[in-house]
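Working notes for the structure below.
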Amino acid sequence: MSKDLNSSQIAALRRDYMLRGLSEGDLASDPFLQFGAWFQDALESNVVAEPNAMVLSTVSPEGQPRGRFV
């Protein structure tokens, strides 16, 4: 990264991906249907370069989170 960028310039590089909030009442009860809706949103957007790239996160029985790119 260039040392010539100040914090305001770096902040300006960020994109806002928020189209709407995430409320439990707005979610499908079937996780596969919900995933399909999110995937369709990503496919139809002109912002997401690779809609099939994602992070799968799980938590072990000990409470240790783990995320992997799939």
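The values are calculated or read from the model by the stated rules, or taken from the named source; none is laboratory data. Values in this document were obtained by computation on a predicted structure and should not be read as measured data. Heads up, the Cβs are rebuilt from the backbone with ideal geometry, glycines too, and the neighbour counts pull from every protein chain shown. Each accessible area value is taken on the protein alone, full model and side chains, heavy atoms only, with ligands, DNA and RNA left out. Shrake-Rupley method; radii C 1.70, N 1.55, O 1.52, S 1.80 Å.
Under 8 Å by Cβ, and 6 or more places apart or on different chains, what pairs join a residue from the range 17-42 that is in contact (Cβ under 8 Å) with a residue 12 or more places away in the chain with one that is charged (D, E, K, R)?
L19/D41
Restricting the search to the range 43-60, which residues are assigned to a loop (DSSP other than H, G, I, E, B) and surrounded by fewer than 10 Cβ atoms within 10 Å (Cβ to Cβ)?
The answer is N46, A49, E50, N52, S60.
Quick one: S2 ticks every box in (1) of a type in the set (S, T, Y); (2) modelled with pLDDT of 85 or more; (3) assigned to a loop (DSSP other than H, G, I, E, B) except a single one, so which number is it?
(2)
Do the conditions hold for D16, that is, is it under 13 Å from the mean Cα position of the chain (by Cα) and either surrounded by fewer than 10 Cβ atoms within 10 Å (Cβ to Cβ) or under 16 Å from V70 (Cβ atoms) (or both)?
So D16 fits the description; yes.
Mind listing whichever residues of the range 26-70 are in contact with a helix residue (DSSP H, G or I) (Cβ under 6 Å, 6 or more places away or on another chain), at pLDDT 90 or above and closer than 23 Å to R15 by Cα?
Across the range 26-70, the qualifying residue is only P51.
Any residue that is in a loop (DSSP other than H, G, I, E, B) and open to solvent by 90 Å² or more (accessible area, probe 1.4 Å) - is there at least one of those in the range 35-42?
Within the range 35-42, none of the residues are in a loop (DSSP other than H, G, I, E, B) and open to solvent by 90 Å² or more (accessible area, probe 1.4 Å).
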